1. Once you place label points 7 Å from the Cα toward the Cβ at ALA312 and GLU168, how far apart are they in nm?
2. Total Lys pairs in the chain closer than 21 Å by alpha-carbon, pairs eight or more apart in sequence or interchain only?
3. From a point 7 Å beyond the Cα of ASN30 in the direction of its Cβ, which residues of region 324-342 have a backbone N at a distance under 18 Å?
4. Can you give the extra length, in nm with one decimal, that the chain gains between ALA340 and ALA256 once fully stretched, where that is 0.36 nm per residue apart less the Cα-Cα distance?
5. Heavy atoms only, probe 1.4 Å: what % of the accessible area of region 6-362 goes to carbon and sulfur, would you let me know?
6. If you place +1 on the Cβ of every Lys and Arg and -1 on the Cβ of every Asp and Glu, how big does the dipole about the Cα centre of region 6-362 come out, in debye to the nearest 20?
7. Would you mind giving the average projected area, over all directions, of the Cα convex hull of the chain in nm² with one decimal?
8. With θ set to phi - 60°, apply the Karplus curve 6.51 cos²θ - 1.76 cosθ + 1.60 along region 28-42 and write out the HN-Hα couplings as whole Hz, x wherever there is a Gly or Pro.
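The values are calculated or read from the model by the stated rules, or taken from the named source; none is laboratory data. Treat the numbers as computed from the prediction; the structure is a model and nothing was measured. Quick reminder, even Gly has a Cβ in these numbers, built from the backbone with ideal geometry, and neighbours come from all protein chains shown. Keep in mind that these areas ignore ligands, DNA and RNA; they rest on the heavy atoms of the full protein, side chains included. Shrake-Rupley method; radii C 1.70, N 1.55, O 1.52, S 1.80 Å.
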Amino acid sequence: MHHDSALFQPFDLGPTRLTSRIVMAPLTRNRARDGNVPSPFAPTYYGQRAGAGLLITEATQVCPEGQGYPRTPGIHSAEQVAGWKKVTESVHDHGGRIFLQLWHVGRISHSSLQPGGKLPVAPSAIRPAGKAVTLSGLVPFETPRALASDELPGIVESYRAGARNALEAGFDGVEVHGANGYLLDQFLRSSTNRRTDQYGGTVDRRARLLFEVIEAVISVWGANRVGLRLSPVSRFNDIRDDDPQATYDHVARRAAALGLAYLHVIEGEAGADAALLQPFDYGRLRLAFAGPYMANCGYDRARAIAAIDSGAADLISFGKDFISNPDLVERLKRNAPLNAWNADTFYAGEEKGYTDYPALATA
Ligand code: 8OZ
């Protein structure tokens, strides 16, 4: 039933032909080696999941200051690029396509994770509520240091360098992480940006760093290999916007003018009761962007089919289900049962909970 849905049909994402509209969402797994080099098991992990129409890597910091958690991979050293090359080769050998997610955490970090033990950086010196994840456990967040205007070109150059390194590592494209309360989102949303320079105040100014970054990344990849991820109403990492619809419609219109490969939208907040979130019209955001719209946040098979076949979305990304089901596309096609995930092994460990989830028995 429903195996004939367009969800399971090929999709041309700019120049990248996808075998289906089912995408593996970016998933932080905290298994990188010293030097923030991808795990030696990462080629197996991503290769096992190459049946996805598109894989998006775990969030990957573009510079050492961009790190906010233990053992997340980077894309700023030769060793990291070599590690990612093994991942892209594995995925391509298995017939898959893979984009790297470019990341800077901004204030969602801790001095113990920063080069030279310095404070994390942010648009404004506003301390997030909650706790940072450090090598010695959870500790209260610190008040970040506000970036000076003349430091922002350096941030943009970090993204450009990360984009170049991703190209060298053999990816098919990149996704700019503009979501979930990290650096670009901290500039974008009103609760975290109190700047009085050209990067704060109006929506246009709050979006300035994001679009300088996107244009730098496009200079490396071309717009049709660059995606953008947003989370208009997620409160994750203690962030909110006074008028999310106006802010994100503005971002979508500017992204449309650039011809980005896709807009990837977290339609809510993972695990949150939708009734507690600010109202938001995702259909309006999609119209403002006009290009390929990738929906995310708690989709199951039935909702994914309905969203694709009604035209509400072009692509659907799945997170936790892809952790525990390397062959998720095949299972969804057959309407087969899914393996349950084990949350204890999401954010630490080695092969357990990473490369040991079974595929369906092959007859
Ligand atoms: C969960 C744990 C750590 C980081 C995100 C990169 O939310 C993350 C992340 C998620 O985008």
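1. Between ALA312 and GLU168, the simple spin-label model gives 4.4 nm.
2. 4
3. 324, 341-342
4. 26.5 nm
5. Carbon and sulfur: 52 percent of the exposed surface of region 6-362.
6. That gives a dipole near 100 debye.
7. Numbers: hull surface 66.6 nm².
For the chain, averaging the hull's shadow over all directions gives 16.7 nm².
8. Rounded to whole hertz, the list is 5, 10, 6, 10, 5, 8, 3, x, 6, 8, x, 3, x, 8, 4.
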